[in-house]
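Heads up: the structure comes next, in C-alpha cells.
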Amino acid sequence: MKKLDRFYIDGKWTEPAGTGLFELINPATEDVYGHVTLGSAEDVDLAVAAARRAFSSFSQSKKEWRMELLGNVVESMLKRESDLMDAVTEEMGAPSSLKGQTGTAVQAFRQAIVTLRDYSFEHMLGDNVVRREPIGVCGLISAWNWPLQLLCQKLASAFAAGCTVVAKPSEFTPLSAVVLAEALDSAGVPPGVFNLVNGDGPTVGEAISSHPGIDMVSFTGSTRAGVMVAQAAAGTVKRVCQELGGKSANIILPDADLVAAARFNVSRGFSNTGQSCHSPTRMLVSERQVDTLTDLIRKEAAQVRVGDPLDSATTMGPVVNSAQFARVQRFIERGIEEGAAVVTGGPGRPEGITRGFFIRPTVFSSVKPDMTIAQEEIFGPVLSVISYRDVDEAVEIANGTRYGLGGYIFSSNWELAREVAERMQAGRIFLNGAPSNNVAPMGGYKQSGNGREMGVFGLEEYLEVKAMLGFAGVLS
C-alpha cells in the first residue's frame, strides 16, 4: 500500500500541514493501492515562499546553464522512465505499451533545450531595446489524463524562461508526479525552483490561483474548472494560460483516402481511452460516402483490444475512475435516447470484463450536429459519424461547438485542405494524420482556452515584456 504523505518543497521532502487523505484506486482492478495526503493553503504558502526565494537567483541564470540543467533533467527522466510509466499505468490505467505517456514528457524538455538555444531575450524595435524577462513564480495545475506530459510541457517552458514553480497535479494522479519530483531532484534542480504540493482543486488549486505571491497560473483541465481558476486569479491580476476542453472534428473530404481516415480516427480517437482533449470525436463525412466510411470504422474498431493495461497486447485500458465511467455511460445512453444509431459498442463493460472502469469502444452513426454527443466533450472512447452535404456545411458543423482546440482534415487536394483549414476555428489543424510535435504551438479558440504551450509560443507565456527607451546601442 503506497503512502504519499510528503510534499517536495525547497529541495526536500517535507511533512504537509494538511491532514486530509485521498484514496487512490487502480482503475483496472478497482482495488485501493494507496493514499495521498491533501495539502492546504498553508502548504501553498510555504511552497510559494520557497519559490520566491529561489527566483532571485534562478531568474538571473545564463541560458546556457539552464540548457545544461534541462539536459540533466532529460537524462534523469530516462533513467526513471520505467518507474514513471508504471506509475501512470497504476494510477490512471494507461496501457504499459502507450509509451507516449512518458516519451512526450521527455520530449518536452528536449524541445525546450532547442527552443532556448535559438531564442534571443533582447532585440531592437526601432531605437528601443525590447527585453523578455521571466515573469516570476508560476503555479502549474495539471490534469490526470496525460499526467506527465501536461506537467512537463509547463515545467520545461518555465525552467527555460528562468521561472520557479509550484506544481499541483491531479489528486487522481499524484504518484507519477512524486516520481518526477525525485527525478528532478536527482537532476540537480536547485532548491525552491520546483515545488510539489498535492491536493484537490477547491483547496490547493484555489490557493495557487488566488495567491498574491504567484505571478502566473498555467492550467490544463475542463472548461468548467478553467473558469474557476480564472475567477480566482482575477483578484491579483495575474496572467492565466489555459488549455481546456475540446470537441475536435475530423473533416473527411470527398477525395480523401477513406481507409486511412478510418484507421487514423479509431487509433487517435480511442488512444488513451479517448481521454484526450484533442481527440477527433466527430467524424464529418460526405453524405454520399457515409455508409462506406461507417463500415470501415466498424472494422477498425473491432481491432481495438480492451483489457489489462499491463498486458502488452492491450491497446485500450480503463477510464480513470468510477465518476468518469458513469459520465461516459450517461453520454452513450443519451446518444441512444436522442436517436443516434450504435454502429459498435454501446452501454456497459466489454464482454467478459466484470471489474474495472472499462468501456466498450463505441461508434455512433446518424448523429445530428445538435445532439448532446456531438456538442459535449465526453472524454471517453465514443466517436460520432456526422454527414454533410457540401464543404461549406462541413466547416459550419466543425465550427458549431463552443470548443476550438483541435481539428483534422483528410484530403488528397492540398489546396482545398488548406482553404478548409483556414476556415476552421481551432488552435491546431492536422492534415492526413500528421503527427503532433513540440515545435508547433498548442492551444485553443473559444472555450478551449487561451495562451499557448510548446516551442517558442509556450516559452513566451512565461516571459514578461519590457521596453527600454533611450538604450539604443547597448543591446547585450
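No lab work stands behind these numbers, since they all come straight from the coordinates. Given the structure is predicted, the values throughout are model-derived calculations rather than measurements. No Cβ is skipped: glycine too gets one built from the backbone with ideal geometry, and neighbour counts run over all protein chains shown.
Of note:
- Selection over segment 294-323 of residues that are in a helix (DSSP H, G or I) and surrounded by fewer than 23 Cβ atoms within 10 Å (Cβ to Cβ) gives a count of 9.
- Each residue in segment 335-354 was checked for being surrounded by 12 or more Cβ atoms within 10 Å (Cβ to Cβ), assigned to a helix (DSSP H, G or I) and not small (Gly, Ala, Ser), and 1 of them qualify.
- Residue within segment 185-194 that is under 21 Å from GLU42 (Cβ atoms), within 19 Å of the chain's Cα centre (by Cα), not in a helix (DSSP H, G or I) and not basic (Lys, Arg) present: no
- Set side by side, the residues GLU30, GLU23 differ, and just one is out of contact with any Leu (no Cβ under 9 Å at 6 or more places or on another chain), closer than 23 Å to GLN275 by Cβ and part of a strand (DSSP E or B), which is GLU23.
- Checklist (1) among the aromatic types (Phe, Trp, Tyr); (2) over 30 Å from VAL130 (Cβ atoms); (3) crowded, with 22+ Cβ neighbours inside 10 Å applied to TRP414, failing item: (3)
- All of (1) surrounded by fewer than 24 Cβ atoms within 10 Å (Cβ to Cβ); (2) touching a helix residue (DSSP H, G or I) at 6+ places or on another chain (Cβ under 8 Å); (3) of a type in the set (Ser, Thr, Tyr) hold for SER222 with one exception: (2).
- Residues in segment 116-137 that are touching a residue at least 60 places away in the same chain (Cβ under 8 Å), over 30 Å from ALA49 (Cβ atoms) and not in a loop (DSSP other than H, G, I, E, B): GLU122, HIS123, MET124, LEU125, ASN128, VAL129, VAL130.
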